[in-house]
Amino acid sequence: MTFNLTRIISYPAPARLGVFILALLSIWLPLAIPIYSLLKSDPNLAKILTMGLMFIAFIILLRFWSQKVYQDSHWLKRYGLVGTRQNGIDLLNGLSIGLLFTLGLFVLEAILGWVIFKPPSAFLLRIVAEGLVSALGIGLAEELLFRGWFLDELERDYAPNTVLWANALIFALLHFLKPIEEIIRTFPTFPALILLGLTLVWAKRSGSQRLGICIGIHAGLVWGYYILNVGQVLQYTGKVSPWITGIDNNPIAGAMGIFFLGILAVWMRRRAVISGKTKPPVDT
């Protein structure tokens, strides 16, 4: 007896999401568990390898899911990952926005005397290049997951406003899985992550459902922080509480980071409203 995969279309969104996640885990775990066992002495390398394998498994499954469940051969286009000139421009624009917002936050804090800029500890161009590659990888993986596949599944069943908040809340929750003591200590990170999730949904809607601007903004924010953090360019003066500048020197874990993300969210929401919110991807 064979199971017709197209029947999954009739399932409610939570059930479809559950089927997909179980399928992904069944592919990934048999590969990830041996790697974690072999690399107990180097957990950082184990994490990099297993997360890379998860993304590869996700891409393979996503293609299968789109073609066999939804009978859609243009699966990347469906999720907004189109290889067009406009999507490339969106990517560069988003990258600039994210980078400038991150640098702007710390420039303002330097003017207020809360941080001091100092010479980088290593070759800055190498750090900039490494940060860009890493940030683009993170941006692509997370945006294809959250603003691509996950957003699409929600949009098939729910109203736009429900989709918006559900996507942002799940995005924040999955980035905030930690012991209860850490949740309490770093709580400002949670509303910041919700704001970022809202911002990126609005960004996609502002870009005619293309994913380029989401990847760009996400990568730009990560890139800017990578340059300043890994390059050891910043020194906090301690003149104000970490709840303002960011707990553990994480810029989004403080009031200033939330304020800057709020500005970005308002901007992207306005762009989404002007653009009409839900236009299909444009092949230009």
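The values are calculated or read from the model by the stated rules, or taken from the named source; none is laboratory data. Everything numeric here is computed off the predicted structure, so don't read it as measured data. Quick reminder, even Gly has a Cβ in these numbers, built from the backbone with ideal geometry, and neighbours come from all protein chains shown. SASA here: full protein model, heavy atoms, side chains in, ligands and nucleic acids out. Shrake-Rupley method; radii C 1.70, N 1.55, O 1.52, S 1.80 Å.
With the structure loaded, tell me whether Asp90 is acidic (Asp, Glu), under 28 Å from Arg269 (Cα atoms) and buried (at least 21 other Cβ atoms within 10 Å of the Cβ) or whether it fails that test.
Yes, satisfied.
Can you name every one of the helices (runs of 4 or more DSSP H) wholly within region 122-208 that holds 2 or more residues which are open to solvent by less than 10 Å² (accessible area, probe 1.4 Å)?
Numbers: elements: 124-143, 151-155, 160-174, 180-185, 189-206.
Filter on region 122-208 gives 124-143, 151-155, 160-174, 189-206.
Conditions tested, residue by residue: (1) touching a Leu at 6+ places or on another chain (Cβ under 6 Å); (2) modelled with pLDDT under 90; (3) more than 22 Å from Leu264 (Cα to Cα); (4) among the small types (Gly, Ala, Ser).
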| residue | (1), (2), (3), (4) |
| --- | --- |
| Ala32 | no, no, yes, yes |
| Met54 | no, no, yes, no |
| Trp65 | no, no, yes, no |
| Tyr70 | no, no, yes, no |
| Leu81 | yes, no, yes, no |
| Gln86 | no, no, no, no |
| Ser121 | no, yes, yes, yes |
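Hey, could you check region 103-119 for residues that are touching a Leu at 6+ places or on another chain (Cβ under 7 Å) and outside any helix (DSSP H, G or I) and say which is surrounded by the most Cβ atoms within 10 Å (Cβ to Cβ)?
To start, the set of residues in region 103-119 that are touching a Leu at 6+ places or on another chain (Cβ under 7 Å) comprises 106, 115, 117.
Right, trim to outside any helix (DSSP H, G or I) and you get 115, 117.
Values: Val115: 23, Phe117: 13.
Filtering region 103-119 for residues that are touching a Leu at 6+ places or on another chain (Cβ under 7 Å) and outside any helix (DSSP H, G or I), the one surrounded by the most Cβ atoms within 10 Å (Cβ to Cβ) comes out as Val115.
Can you confirm whether Gly80 is open to solvent by less than 40 Å² (accessible area, probe 1.4 Å), in contact (Cβ under 8 Å) with a residue 24 or more places away in the chain and at positive phi? Lay out the reasoning, then the answer.
Numbers: open to solvent by less than 40 Å² (accessible area, probe 1.4 Å): yes; in contact (Cβ under 8 Å) with a residue 24 or more places away in the chain: yes; at positive phi: yes.
Taking the combined requirement at face value, the residue satisfies it.
Among the residues of region 54-77, which ones are farther than 14 Å from Gly148 by Cβ and buried (at least 16 other Cβ atoms within 10 Å of the Cβ)? Before the answer, list the steps.
The initial filter retains those residues of region 54-77 that are farther than 14 Å from Gly148 by Cβ, namely 54, 56-57, 60, 64, 67-69, 71, 73.
Met54, Ala57, Val69, listed by residue number.
If Gln235 satisfies every condition in (1) surrounded by fewer than 24 Cβ atoms within 10 Å (Cβ to Cβ); (2) assigned to a helix (DSSP H, G or I); (3) touching a Lys or Arg at 6+ places or on another chain (Cβ under 6 Å) but one, which is the exception?
All conditions are met except number (2).
Would you mind stating whether Asn229 is open to solvent by 60 Å² or more (accessible area, probe 1.4 Å), closer than 27 Å to Gly104 by Cα and out of contact with any Lys or Arg (no Cβ under 6 Å at 6 or more places or on another chain)? Please lay out each step first, then the result.
Values: open to solvent by 60 Å² or more (accessible area, probe 1.4 Å): yes; closer than 27 Å to Gly104 by Cα: yes; out of contact with any Lys or Arg (no Cβ under 6 Å at 6 or more places or on another chain): yes.
In short, yes.
State the number of residues belonging to region 204-234 that are among the β-branched types (Val, Ile, Thr) and over 17 Å from Phe146 (Cα atoms). Spell out the reasoning first.
Start the filter on region 204-234 by keeping residues that are among the β-branched types (Val, Ile, Thr), which leaves 213, 215, 217, 222, 227, 230, 233.
When the remaining residues are screened for being over 17 Å from Phe146 (Cα atoms), the result is 227, 230, 233.
Adding up the residues that qualify gives 3.
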